[in-house]
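Step one of this worksheet: look at the structure below.
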Amino acid sequence: MGTGTPVNEKEIITADKMNLKLERIAETPQRLEASRAYTTVYQNTSPDRTLHININFNVTITAAGLGKATLYLGPTNTPSTIAGSFGYGTNTAGTKTINGSIIALIPPLYYYKLLDASLGAGTITFPYWWETLL
């Protein structure tokens, strides 16, 4: 036996611990656009895992104007910190479609909501809303 520093058993990485980490990394993204709505507050209910969100937008603009979709997050059920936004606009009338996305990380136990400030310029739909626990 050699001489060295004793090993702390809590620091040993076992196969079970590695498998748990791999399971977390490999979790399948959940497609949730059918169950998500503007202005509704949602929560990352995991006490120790970050939530990755990817929201894709289709904006149909029918009149000149500006608009913006904004994702807010925070530690309370009134999230107010901007995590991401998607702005759009046109200076001419007529129907146009613009595509964009917001990608954000939501810390454990944080709340989040998406608001649309279209200012009459268009209608936003999200054909894809993916969430994955990391």
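No value in this document is a laboratory result; all are computed from the given coordinates. All figures in this text were calculated on a predicted structure; none of them were measured in a lab. FYI the Cβ positions are ideal-geometry reconstructions off the backbone, even for glycines, and counts take in every protein chain you see.
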For this session: Quote the FRET efficiency, to the nearest 0.05, computed for SER80 versus THR125 with a Förster distance R0 of 22 Å and r equal to the Cβ-Cβ distance.
Result: 0.35
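Could you tell me whether the stretch 28-133 comes out rounded, prolate or oblate from its Cα gyration tensor? Rule is a ≥ b ≥ c as square roots of the eigenvalues, rounded for a/c under 1.5, then prolate if a/b exceeds b/c, otherwise oblate.
Details: a/c = 2.85, a/b = 1.97, b/c = 1.44.
Prolate, because a/c is 1.5 or more and a/b exceeds b/c.
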